[in-house]
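Read through the structure below, which is laid out as structure tokens, and then see the notes.
Laboratory data are not the source of any read-out in this text; all were calculated from the coordinates shown. The model shown is predicted, which means the values in this text are computed figures rather than measured ones. Here the Cβ positions follow ideal geometry from the backbone for every residue, glycine too, while neighbour counts run over all protein chains shown.
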């Protein structure tokens, strides 16, 4: 992540749906895409994010000195963090960034357990949901900095996953696109392969590698091509595309090539824009596209009046694919009618918008495309659909193929007779819901 510049203002007037509660551990899911934003502990009121479209907040940065001891820690008040959690946001603290020197990382590589303890203690004592690792010591990924950066990140990720308690062990990484390629010996491919699925998702920095760095990530077509390459190595549900929220958003004011940061507008006539990018990726990865990350919130507030996130959300909704799910045990598809009755039935034609078996995601709400009603449940295990209201009973967490009600902590289940209920989560096949492609 680089310095911040003035951006071109974008005026967007978008209808907002009620906020829903984002789940902890949502990364391993076939559900809604992430909308991630970095908040750099600036003077912008953190609580304004509570009413934003963003689903995941990265508070940056934890940094270390040459002895691998924290020399900077972002301050987030308990009240602000609670406001974000009440609004359904997942909030991570970001470790690293461009201000951490190579010597500091080298010291940490020599004492990974000590670094794990520092980060884990900060996360748990402050109530964060996990940690985002933004490693930018590029030479170390080529073993050209006196230590093995790849092994350091593997050990750090696995150590944090073991140390952090459940509910606070979401671990993300923010690599630059180049780190996946041969020029860096496919460093992040190796990191992914040796971290046992412990990385929840990647906030991939598809910027800062344009013009003088080899014309990578300059335009929408470049970003899509690179996304496709990376998605050949990591599930697309775990791959979030990161972009600047406005022009020159990641470069120095004194720079003359600020287009080199890879900014593309939300919409434009030439097709080189976020609208086209989102549409193509959602079509390529139906119900698997990981989402969009923006750098950063200060710029969004200052130059876009806080509307960039809503613009991305609107495009994700407009280009959303139909989700049809069948129970892994019975093979029957989830169905809902106008009377609120929920059941499973033999699956009909996939992708049929007129079908009561078609569903779309509105962040964590699951909406029937035919009836417009939301999936809902009760404390006693009844499952049904009702008019969407944004309440926690209509917020569903995706854990792999299991779908859990945020309010009741019970999992959606069905039987061979087509009855749908929620039961205590067990991992049974009757609680596994598979997307019908």
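Given Cα pairs under 8 Å that are at least 6 residues apart, what percent is the relative contact order of the chain?
Rounded, it is 18 percent for the chain.
How far, in nm, would the chain grow between residue 428 and residue 77 when pulled straight, counting 0.36 nm per residue and subtracting the alpha carbon separation?
Additional length available on full extension: 122.3 nm.
Using a Gaussian network for the chain with springs between C-alpha atoms less than 10 Å apart, which of these wobbles most: 157, 284, 421?
Per the Cα network of the chain with a 10 Å cutoff, 284 tops the list.
Could you please rank 334, 46, 434, placing first whichever residue has the fewest other Cβ atoms within 10 Å of its Cβ?
434, 46, 334
Go ahead and estimate [θ] at 222 nm for the chain from helices alone: -39,500 (n - 2.57) per DSSP H run with n ≥ 4, summed, over the residue count, rounded to 500.
Helix-only estimate at 222 nm: -6500 deg cm²/dmol.
Just want the ordering: 366, 278, from fewest to most Cβ atoms lying within 10 Å of their own Cβ.
Least crowded to most crowded, the residues run 278, 366.
Tell me, how many Å apart are the Cα centres for segment 322-380 and for segment 392-413?
Taking the Cα centre of segment 392-413 as reference, the centre of segment 322-380 is 14 Å away.
When the chain is modelled as a GNM with alpha-carbon springs shorter than 10 Å, which of 344, 237, 419 fluctuates the most?
The residue with the greatest mean-square fluctuation here is 419.
Would you mind calculating the gained length between residue 103 and residue 345 on full extension (0.36 nm times residue separation, minus the Cα-Cα distance), in nm to one decimal?
Length difference between fully extended and current span is 81.1 nm.
Once the cut-off is 25 Å, how many percent of the Cα-Cα pairs in segment 325-435 end up in the long-distance tail?
For segment 325-435, the fraction of Cα-Cα distances above 25 Å is 8 percent.
If I compute P(r) over Cα pairs in 10 Å bins from 0, in percent from the structure I just sent, which labelled value in (i) 4, 18, 23, 18, 16, 12, 6, 2, 0, 0; (ii) 4, 18, 27, 27, 16, 6, 1, 0; (iii) 5, 22, 32, 26, 13, 3, 0 lines up?
The value computed from this structure is option (iii).
Most fluctuating residue of 294, 159, 242 in a GNM of the chain with Cα springs under 10 Å: which is it?
In this elastic network of the chain, the residue with the biggest mean-square fluctuation among 294, 159, 242 is 159.
Which of 181, 398 comes first, and how do the rest follow, when ranked by fewest Cβ neighbours within 10 Å?
Ordered from fewest to most neighbouring Cβ atoms within 10 Å, 181, 398 come out as 181, 398.
How many angstrom lie between the C-alpha centres of segment 44-107 and segment 182-229?
22 Å
Length gain on complete extension for the stretch residue 41 to residue 196, per 0.36 nm per residue less the alpha carbon to alpha carbon distance?
Length difference between fully extended and current span is 52.6 nm.
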